[in-house]
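Values in this text are rule-based calculations from the coordinates and carry no lab data. Keep in mind it's a predicted model, so treat the numbers as computed, not measured. As a convention, Cβ positions derive from the backbone with ideal geometry for all residues, glycine included, and neighbour counts pool all protein chains shown.
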2 protein chains.
Amino acid sequence: MRLAELSERSGVSTATIKYYLREGLLQPGRRVSATQAEYDGAHLRRLRLVRALIQLGKVPVATAREVIAAAEDESLDHHLRLGAATWALPHGPEPGEGDPEADAAGRTVAELLEHIGWQFGQEAGELSPAYRKLVTAVAALRRLDYPCDVAHLLPYARLAARLAVTDMDLVEEQPTEAGQIEAAVALTVLYEPVLLSLRRLAHAEESARRFTDGGTGGGEV
Amino acid sequence: MRLAELSERSGVSTATIKYYLREGLLQPGRRVSATQAEYDGAHLRRLRLVRALIQLGKVPVATAREVIAAAEDESLDHHLRLGAATWALPHGPEPGEGDPEADAAGRTVAELLEHIGWQFGQEAGELSPAYRKLVTAVAALRRLDYPCDVAHLLPYARLAARLAVTDMDLVEEQPTEAGQIEAAVALTVLYEPVLLSLRRLAHAEESARRFTDGGTGGGEV
DNA sequence: GATTATTGGATAGCGTCGCTATCCATGCTT
DNA sequence: AAGCATGGATAGCGACGCTATCCAATAATC
């Protein structure tokens with residue numbers, strides 16, 4: 001198919017597709033002459049993935065490029081590629097060096113991970129983006145005087161562990177290895193809005209149950 | 001304290017504080033003369049909250065203003081204010097009207113909520129932002145051919161319900177009503193990075209357990 | 001009391017990001 | 001042969017979150 005058709009079928013303007021091509025988010029089409037290129041279903045699929053990552057997942061364009069590059073790097077093995085892909089995801093502000101709150105948060109997180117037996121927060125001595133983001137968030141909560149110690153975080157960590165099992169079950173449903181890598185990236189990012197939305201809906205339910213009289217009259221899960 | 005001290009104690013530049021004042025994210029200080037205003041601990045605390053919402057929670061400035069206004073609107077009761085505050089949170093792209101995938105996603109979500117017995121996804125006939133975001137995300141996943149039906153979503157919904165219980169327990173730890181409202185906003189937004197980070201760390205663990213030989217040799221949760 | 005420094009307020013501008021509009025030579029289509 | 005679509009390059013736009021500069025009024029200091 002031509003660029004125009006790719007655009008029509010994906011709902012993305014040709015100008016934007018050209019932009020993604022320029023930015024390396026999309027492989028160039030198979031050149032068929034000096035002024036025409038041919039795109040196929042793989043391009044369409046990839047384009048939809050990129051769009052979803054950027055629009056829904058709010059992944060910056062530059063980051064999306066790195067994630068996709070990592071997912072396609074065939075020099076890595078399965079597990080590593082999976083990690084590498086998510087490794088490139090947004091960094092956010094650094095925890096801050098001399099800040100005592102940040103240090104305390106760092107210790108809390110380390111204690112939490114040790115307590116729950118996780119070992120993959122770091123690699124080659126460097127902390128993962130997720131690890132650092134966690135430290136930053138905990139530090140912010142502590143600065144606001146919200147309780148945020150191991151005891152409070154543990155339930156969240158346990159729930160996260162169960163989430164990961166569900167997520168990985170979904171990944172393993174994919175038949176091919178390439179499919180699994182793509183699924184890992186897509187599901188990691190695209191289930192985030194799903195999860196956060198469900199959490200907010202659940203908040204509304206739980207709030208109603210606790211703070212309105214009469215309650216909802218049932219609805220056991 | 002003066003603006004300069006507020007700046008120093010919060011780590012936010014005076015220029016930025018003035019910007020927040022202009023945008024209505026912060027109450028003006030108590031005017032003490034024509035050229036000076038006095039700020040107190042409440043301002044400092046609020047400033048830290050605003051900063052955390054914007055930097056960590058990635059909440060747009062305009063949205064943060066609405067959220068805070070809703071949280072302070074004393075004409076609403078407890079439960080409503082809690083909902084109103086989160087109601088104002090980011091909207092994202094609309095599900096799209098004539099799109100068949102979006103319609104299918106909408107039906108899936110409605111079925112899911114009915115199945116699990118949630119009733120607070122809408123109010124006065126309008127769908128909540130969380131509900132719409134969920135529909136959009138499900139539609140995107142379906143467009144990528146990822147399985148995303150009630151059966152797949154149900155485990156996430158159940159986990160979300162348990163998250164909400166944990167969250168609300170934390171909210172109820174706050175002694176005052178105003179504190180609970182603020183906590184609801186802060187914890188809704190600021191636990192999102194915590195949760196997502198933990199999920200990614202858990203992914204690394206689960207991936208290692210499944211895809212590397214030898215595994216981690218223990219670490220039961 | 002004169003001088004210097006600081007304050008808060010207003011305004012305009014900057015840097016990044018994700019596109020988008022315009023132009024152009026080529027060459028496919030009819 | 002005529003006309004139009006294609007892909008590539010370039011410059012610009014609109015939103016966002018600040019930030020730099022200026023200013024008159026006042027506080028602090030000598």
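Summary table
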item	result
Copies compared at B:GLN36 - label distances in nm, ascending, label defined 7 Å from Cα in the Cβ direction	7.8
Residue mean of other protein chain beta carbons inside 10 Å, A:130-138	6
Distance in nm between pseudo-label sites at A:GLU177 and B:THR212 (7 Å out along the Cβ direction from Cα)	1.8
Residues whose placed amide H lies under 5 Å from that of B:ALA37, excluding near-sequence neighbours	B:LEU3, B:VAL32
Packing-based exposure ordering (other Cβ within 10 Å, fewest first) of B:PHE211, B:PHE120	B:PHE211, B:PHE120
Cβ-based exposure ranking for B:ARG65, A:ARG200, A:ARG31, A:ARG51, in which fewest neighbours within 10 Å come first	A:ARG31, B:ARG65, A:ARG51, A:ARG200
Backbone HN-Hα couplings from phi across the stretch A:174-186 [Karplus 6.51/-1.76/1.60, Hz, Gly and Pro as x]	6, x, 9, 5, 4, x, 5, 4, 4, 4, 4, 5, 4
For A:THR212, inter-copy label distances in nm, listed shortest first [label point 7 Å out on the Cα-Cβ vector]	4.9
Relative contact order of the stretch A:1-56, defined on C-alpha pairs under 8 angstrom at six or more residues apart (%)	37
Cα shape, the stretch A:1-56, gyration tensor, a/c 1.5 rule	prolate
Positive minus negative residues near A:ARG107 (Lys, Arg vs Asp, Glu; Cβ under 12 Å)	-4
